[in-house]
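Let me begin by presenting the structure, written as structure tokens, before commenting on it.
Values quoted throughout were computed directly from the atomic coordinates according to the rules given, and no laboratory measurement underlies them. Note that this is a predicted model, so its numbers are computed, not measured. Ideal geometry is used to build each Cβ from the backbone, glycine not excepted, and the neighbour counts take in all protein chains shown.
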Amino acid sequence: MCVERALLLVLLGLTATGWLSVAAMRVYTSGRMEAVNGTDVRLKCTFQSSHPVQHTALTISWTFRPLGPGPEESVFYYQQKPFPPTEGRFRKKVSWAGDISSRDASIMVHSVLFSYNGTFSCQVKNPPDVHGNVGEVNLRVVTTASFSEIVILTVAIGGAVLLIIIVLIIVMCVRWCRKTEQTEWERTTLRRERKDLVVW
């Protein structure tokens, strides 16, 4: 009894000083996302583990909880290889988009529907790291892209077109300058030849 108490006190002391720390998995997600109805969306999920990644033991599970009433359902599972769902609303709608060696547990959801409005949860376990936070992505499926996305897209396209126009102007100017120099050189050469002929 005395030995057990002493051992318990030693363990508590080691834990308090940081010598014995409980390993925990840390999962990171984008938090909130917006996708246009009918488009593909990548649900990003990355993780950190205090232990080396064990490819044979690591598991990743994605679940979905709808906004309205309804049970939580499995979206995707990974252990050594991807296991997309064989039934339910996400059947043939989800594919693996991650990379275990880069600590990436992301998935791609294809042709999103309004019924996908809700919370997608990403849970990663890398034994002995089996406890930790669950990453969540709140997906909002909309009819059209939001104003900010349209503005960004317009600016990107406008910038690309402007860059092409500037490059074309520079190329035209360089060609014109070279042609002008060539013409001037030819005129100078012709004048010299004429002077030489006059002298003779």
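Quick look at the numbers
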{"item": "Restricting the range 48-63 to residues that are among the aliphatic types (A, V, I, L, M) and surrounded by fewer than 17 Cβ atoms within 10 Å (Cβ to Cβ), the residue that is farthest from GLY98 (Cα to Cα)", "result": "ALA57"}
{"item": "Spans of strands (runs of 3 or more DSSP E) in the range 30-97 with at least 3 residues within 26 Å of PRO127 (Cβ to Cβ) and free of Cβ contacts under 8 Å to residues at least 12 places away in the same chain", "result": "none"}
